[in-house]
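Chemist: Sharing a structure here in structure tokens format.
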Amino acid sequence: MEVLKEKVEEEEAAEREEAAERAERGEKTKRPTEVRREATTMTQEMLRDLERKLSEIEVSVPEKLLTFTKDTIDTSKLPLSYQSNTLKEEHLLQVADNFSCQYSHLCPDRVPLFLHPLNECEVPKFVSTTIRPTLMPYPELYNWDTCAQFVSDFLSMVPLPDPLKPPLYLYSSTTVLKYQKGNCFDFSTLLCSMLIGAGYDAYCVNGYGSQDLCLMDLTREVCPLTLKPKETVKEEEKAPPKKYAIKPPRDLTSRFEQEQEVKRQEAIKAEEENRRKQEEARLLEQENAKTDPLHGLRVHSWVLVLSGKREVPESFFIDAFTAHSYSTQDDHFLGIESLWNHKNYWVNMQDCWNCCKELVFDLGDPVRWEYLLLGTDKPFLSLTEEEDEGMNDDDDVEKLGKEDEDKSFDMPPSWVEQIEISPEETARVDGLIKREETPKTMTEYYQGRPDFLSYRHVNFGPRMKKLALNSAESNPRPMVKITERFFRNPAKPADEDVAERVFLIAEERIQLRYHCRSDHITANKREFLRRMEVDSKGNKIIMTPDMCISFEPMEHTKKLLYQYEAMMKLKNEEKLSRHQAWESELEVLEILKLREEEEEAHTLTISIYDTKRNEKSKEYREAMERVLHEEHLRQVEAQLDYLAPFLAQLPPGEKLTRWQAVRLKDECLNDFKQRLIDKANLIQARFEKETQELQKKQQWYQENQVTLTPEDEDLYLSYCSQAMFRIRILEQRLSR
């Protein structure tokens, strides 16, 4: 309405100026009453036309915000596991109901547990069986951050029907992926299934979150597009001074002036920092004034990743809506009721008076976390050494194990089908199929977009030359023309559904071609002259009929107000198209830069069987040989250990008493003395044997000395020499 009033006032002023000019030329002017009457008539006509247009507008809730109900899901082709329960699942539901009754009796002030909501076929399913651990066959979906980003980008957020209660329905991940929408519990279930399949120790959490977290409100967050990666500045190596180099000229600048300039810059920075802090304090006061009446009561679901597996050093939270990771001490998470994975269900028995900052995520502690089933892979609560000494009775352990075995119940397998994601779905969320780029053009082809965009062609002009050496990002190519084509939108009439849109940026024109109706031969066309909103003098430019040229039947000729609104909408869409084309150009530059880095840093792949050239295999083999050698040395040392046979008689792990140590010493010394005696007796026996054999040989020589040949005498002398050597060695060993 204000725009109409401004237009009427401007038209009246223009008419008064025209009348004054006519009066100067002596022409007959209209009376002021006639002018006012005509202006009033025109205003009434425009108001009636505007009222008619407003009455024809149907206000509807966007499709993304519609509730994801079972009525929108086709359940006719779902498998049997979705439509019924097995005997083991029925037994599990009975166990869960019994657990819920006991929990409600012992904790009457707590809210009911979220145990077995209905699935898309209205069949109650336990929440742990809704998780289907799946390892995706794509390397990009192996880490937690890429998995979370895929879930956040691929699915559309649907708020909970009641922000104070968990949902009545929890759909399977296959259905959520098919319709690409879900609430926070659907997001968390899908993300938890992917993370467990990838080897993470992940859990779905039912708790309470802040308003921003539950509504996916990121207005207070820093825009990630504004964050630039830190650039590492490489220090240039100074060349060593030459002996006969020319001395640089003296620095004649005043140090006093430099110091004053530094102080002035510091004062400016301090003033800007003070102003920024004041602005932040003012915004914080405004935010605190807008308190959430449901603070601490809003139900939300997220994912908990515990440390240990996949080299996770510290436990953290993941909000599946935004794919952001948070510390377990973050203020966005106000409390936890329960959590679960594909094997068990735990209830939080700790007080959340300080949000989640003081919660201990030791699921093996039954005091802090009450578990539903005994069949869990979580370790028991760690005990101290003093408490552990009283748990050495094997009979008690066996009895306890038998009692637990009698009460244990294994979790049934998941009723959800295998989660599958086609390559077309991990690829891109903007529907881009192909992109072709030349030095002067860029063409993109799309499919499956909600705005029905199928084709975009951008013509570039010559790049502006700048004196500074700027990169292509800071000096992009100017866009001259953008051509966009759209698929048929069945929700709109053909003569109002744009088929082709051309932005002639340099000429400041916008051309539209609509889809052709089935009963028409030609399609409607329209062309807008996109002029500036103000002229060179700063005056506002009024929308005139000559700024829109239409080729359409007379009954479809639009009013001037409709043409003005359409032109303003097209101007905003032109800005959006130019921004998207600029992002595409940056993406291409990033891909080219990455390929250049890969080509420069290429390395040859050597087979693991090539042990001489493969350094990793060689290092691994040497490490294994070193480990085996060290193990062999330890075994040799163990064999040479004199105390090993005596220590083996005692129970392993026990500390020696003084009496046992003294007895062990005496036994070891007696054994050593006996071995020395046995060894001395053995040496004495060998000495006597060698002496007797030498005497026999000498007696034989004296008896046959006359008849011996020179060879026999040489053999005799050699034998005597060796025998005397052995006897001397035995004498030395015996005396030692």
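The values are calculated or read from the model by the stated rules, or taken from the named source; none is laboratory data. All values derive from a computational prediction rather than experimental measurement. Note that each Cβ is placed from the backbone with ideal geometry, even for glycine, and that neighbours are counted across all protein chains shown. For accessibility, only protein heavy atoms count, side chains too; no ligands or nucleic acids. Shrake-Rupley method; radii C 1.70, N 1.55, O 1.52, S 1.80 Å.
Chemist: Hey, can you rank 509-515, 610-616 by average C-beta count inside 10 Å, highest first? Write down the numbers at each step before the final one.
Modeler: Values: 509-515: 18.7, 610-616: 10.6.
Packing order, densest peptide first, comes out as 509-515, 610-616.
Chemist: Would you kindly derive the ³J(HN,Hα) couplings of the stretch 112-120 from the backbone phi angles with the Karplus curve 6.51 cos²θ - 1.76 cosθ + 1.60 (θ = phi - 60°), listing them in order in whole Hz, with x for Gly and Pro?
Modeler: In residue order, the calculated couplings are x, 6, 8, 10, 9, x, 7, 8, 5 Hz.
Chemist: Set the bar at 26 Å for Cα to Cα. Now go through Lys181/Lys575; Lys88/Lys181; Lys434/Lys525; Lys440/Lys571; Lys165/Lys357 and name every pair that lies beyond it. Provide the component values of the computation, followed by the final result.
Modeler: Details: Lys181/Lys575 29 Å; Lys88/Lys181 31 Å; Lys434/Lys525 28 Å; Lys440/Lys571 24 Å; Lys165/Lys357 23 Å.
From Lys181/Lys575; Lys88/Lys181; Lys434/Lys525; Lys440/Lys571; Lys165/Lys357, over 26 Å: Lys181/Lys575; Lys88/Lys181; Lys434/Lys525.
Chemist: Related question: May I ask you to give the percent of accessible area on the stretch 654-735 that is carbon plus sulfur, with a probe radius of 1.4 Å?
Modeler: Numbers: 3620 of 6800 Å².
So the carbon and sulfur contribution to the accessible surface is 53 percent.
Chemist: For the stretch 584-626 and the stretch 264-283, what is the centre-to-centre distance using only Cα atoms, to the nearest Å?
Modeler: 49 Å
Chemist: Something else now. So, for the stretch 654-735, what is the accessible surface per residue at a probe of 1.4 Å, expressed in square angstrom? Don't jump to the answer; show the numbers that get you there.
Modeler: Numbers: 6800 Å² over 82 residues.
Dividing the accessible area of the stretch 654-735 by its residue count gives 83 Å².
Chemist: Going by a ≥ b ≥ c, the root eigenvalues of the Cα gyration tensor, does the stretch 605-736 fall in the rounded group (a/c under 1.5), the prolate group (a/b larger than b/c) or the oblate group?
Modeler: oblate
Chemist: Sort 354-366, 706-718, 187-199 by packing, meaning the average of other beta carbons within 10 Å per residue, with the highest value first.
Modeler: Details: 354-366: 15.9, 706-718: 10.3, 187-199: 25.4.
Result, highest mean first: 187-199, 354-366, 706-718.
Chemist: Of the peptides 320-331, 491-502, how do they stack up when ordered by the mean number of other Cβ atoms within 10 Å, highest first? Intermediate values should be presented prior to the final figure.
Modeler: Details: 320-331: 18.1, 491-502: 15.5.
So the order, starting with the most tightly packed, is 320-331, 491-502.
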